[in-house]
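Worksheet: the structure to be examined is printed underneath.
Read the figures in this text as sums done on the coordinates, not as results from a lab. This is a predicted model, so every value here is computed, not measured. FYI the Cβ positions are ideal-geometry reconstructions off the backbone, even for glycines, and counts take in every protein chain you see.
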Amino acid sequence: LRRRGRRGSKMAANMSNVEDIRSRVLLGEFGVKNVHTTDFPGNYPGYDDTWDMQRFQKNFTMDIVDLDENCMEFDMVGIDAAIANAFRRILLAEVPTMAVEKVFIYNNTSIIQDEVLAHRLGLIPIKADPRLFEYRNSGEDAGSEIDTIQLQLKVKCSRNPRASKDSSDPQELYLNHMVYSGDMKWMPIGNQADVFADANIGPVHDDILIAQLRPGQELDIIMHCVKGIGKDHAKFSPVATASYRLLPEITLLEPIEGEKAERLKRCFSRGVIHLEELNGKKVAMVVNSRLDTCSREVLRHDDLKNLVKLGRVRDHFIFTVESTGVLPPEVLVTEAIKVLMTKCQRFLNELDNTDME
Amino acid sequence: MAGEGEKKPVLEMVQADGADEGCVTFVLHDEDHTLGNSLRYMVMKNADVEFCGYSITHPSESKINFRIQTRGGIPATEPLRKGLNDLSDVCQHVLNTFQVRFCFRFNSN
């Protein structure tokens with residue numbers, strides 16, 4: 001090991017650990033090693049690392065582990081971190097959605113200030129398929145039916161005549177004193193009533209509290225929603241979050257049994273290590289390393305830390321995508337992949353144009 | 001989204017006087033690490049490329065300087081074009097695999 005200070009020491013590559021360096025990230029006691037991708041042509045003698053589409057297609061697999069209405073967990077194996085990260089970044093910032101952009105406040109006598117109210121309205125997710133709309137051109141002020149959704153919020157709070165004299169519960173005393181996102185009504189413009197007849201356009205959730213009112217206060221607001229991307233403002237991001245982690249790998253360097261096995265089991269997350277009964281003694285076996293959170297607790301125990309090798313598989317990504325409800329998570333992933341393809345196409349066209357000149 | 005009226009540059013090429021066609025810095029506008037890092041990986045996988053790197057000149061400006069140096073006198077636009085095509089093909093393959101897997105899961109439920 002040559003020590004290079006804080007830049008990290010490099011492992012000497014010999015026959016036995018070349019595969020390890022190429023494909024595993026090592027979790028050590030004080031640092032993480034072999035993080036970067038090194039399999040570029042020329043780095044390893046005897047390996048042909050030039051890009052080969054057939055080899056990539058042979059090694060690449062995907063597996064959908066968990067899927068429900070809003071959340072999806074899937075695996076991507078055989079791809080590099082640069083591309084997996086590109087997908088993650090696009091899911092967060094470049095898949096378009098519709099969100100409230102312009103708020104026309106005709107009357108706001110509540111105690112919520114105009115700008116705070118407008119900010120809150122912008123963050124409400126709007127259930128409208130953004131693929132059916134276009135971006136608004138930067139010069140235009142008035143929206144047309146192809147790029148704008150119009151919503152109205154008109155609530156007036158009044159005293160409940162049927163409330164009993166000595167109650168103090170606002171639920172009973174006042175009518176319409178809580179303004180929820182369910183009160184936002186869609187006002188179709190142009191031919192939207194025909195085109196979106198069965199899609200009920202409006203907020204995804206009906207129970208988001210926007211403001212509270214007292215008798216005599218009212219809100220009279222018209223909102224215009226436009227198409228945008230998360231890069232511009234976070235309200236346009238279609239995911240609650242999208243993240244990935246690498247598959248952990250735990251290797252036991254020698255058989256661990258008895259009381260040490262019990263302690264080893266407690267060092268990892270539940271379900272990772274299972275104690276088998278062999279010849280009357282309990283032997284530790286790694287059953288499901290995917291469940292581990294890689295806390296490296298085992299490296300804090302002096303008698304256990306040399307018996308275990310912790311690492312992560314560098315090209316196995318466990319993605320978790322949680323949608324805000326605008327689009328189902330599988331649609332978001334396909335849209336993100338298409339966005340990256342569009343980016344490449346844009347520069348390919350530009351290269352062709354400059355070549356022709 | 002696209003500028004109308006005046007034409008905004010999308011891709012520029014900067015080359016030092018006297019350098020051959022193999023050493024070029026491309027300026028990609030309206031891009032960041034998303035395309036920069038993934039394209040850098042694809043171009044580095046090309047055996048003809050001697051150097052490939054990208055940098056973001058200033059975080060307030062959304063453009064990247066993408067530099068390619070080739071060996072053997074190959075013009076630098078070739079590895080760039082190949083990298084873009086390869087990245088596009090990777091995305092297409094990922095998309096197909098995902099859709100197959102999703103239909104498989106959907107039908108088996």
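The table below gives the values:
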read-out	value
Placed amide H near B:GLY53: partners under 5 Å, 5+ positions off or other chain	B:ARG67
Assigned charges on the beta-carbon of Lys, Arg, Asp, Glu; the stretch B:1-86 dipole about Cα centre (debye)	240
Lys, Arg +1 and Asp, Glu -1 on Cβ, resulting dipole of the protein assembly as shown about Cα centre, debye, nearest 20	1780
Reach of A:LYS309 by Cα under 26 Å, taken over lysines that are not fewer than 8 positions away in the same chain	A:LYS10, A:LYS33, A:LYS260, A:LYS265, A:LYS281, A:LYS282
Extension gain from A:ASP141 to A:ASP198, taking 0.36 nm per residue of separation minus the Cα-Cα distance	17.7 nm
Cα extents of the protein assembly as shown along the three principal axes, largest first (Å)	85, 77, 48
Residue among A:GLY78, A:GLY228, A:GLY46 with the largest mean-square fluctuation in a Gaussian network model of chain A, springs linking Cα atoms under 10 Å	A:GLY46
Positive-pole candidate from B:GLN69, B:HIS93, B:GLY83, dipole of the stretch B:11-107, charges at beta carbon	B:HIS93
Net dipole in debye of the stretch A:97-236 [+1 Lys, Arg Cβ; -1 Asp, Glu Cβ; about Cα centre; nearest 20]	320
Under 23 Å from A:LYS58, Cα to Cα: lysines that are on another chain or at least 8 residues apart	A:LYS338, B:LYS45, B:LYS82
Crossing angle, helix A:81-93 versus chain A [Cα axis fit, 0-90 degrees, rounded to tens]	10
Options A:LEU275, A:GLN150, A:LEU299, ranked by Cα towards positive dipole end of chain A, top entry (Cβ charges)	A:LEU299
Max mean-square fluctuation residue, GNM over chain B, Cα-Cα springs under 10 Å, options B:GLY18, B:GLY72, B:GLY83	B:GLY18
P(r) of the stretch B:11-107 over all Cα-Cα pairs, binned every 5 Å from zero, in whole percent	3, 13, 20, 20, 15, 11, 7, 5, 4, 2, 1, 0, 0
Cα→Cβ-extended label distance, 7 Å offset, between B:GLU12 and A:ARG55, nm	3.8
The stretch A:104-170: chymotrypsin sites (Phe, Trp or Tyr not before Pro) falling in loop per DSSP and having at most 16 other Cβ within 10 Å	A:TYR135
Most mobile listed residue (A:PRO203, A:PRO215, A:PRO255) in chain A, GNM with C-alpha springs under 10 Å	A:PRO255
Contour excess over end-to-end distance, with Cα ends at A:ASP66 and A:LEU123 and 0.36 nm allotted per residue	17.8 nm
Gained length - A:ASN306 relative to A:TYR44, 0.36 nm times residue gap less alpha-carbon distance	91.5 nm
Coil-residue trypsin sites (Lys or Arg not before Pro) of the stretch A:156-215, DSSP, other Cβ within 10 Å capped at 15	A:ARG162, A:LYS165
Mean Cβ neighbour count within 10 Å, used as a protection proxy, ranking A:288-298, B:33-43 highest first	B:33-43, A:288-298
Cα-projected label distance for A:GLU254 with A:ILE222, points at 7 Å along beta-carbon direction, nm	8.0
Using θ = phi - 60° and Karplus 6.51 cos²θ - 1.76 cosθ + 1.60, couplings along the stretch A:249-260 (whole Hz; Gly, Pro as x)	9, 10, 10, 8, 6, 8, x, 10, 9, x, 5, 5
Cα pair distances of the stretch A:97-236 binned at 10 Å [whole percent]	11, 39, 30, 14, 5, 1
GluC sites (Glu not before Pro) within the stretch A:74-171: DSSP coil, no more than 16 neighbouring Cβ in 10 Å	A:GLU134, A:GLU140, A:GLU145
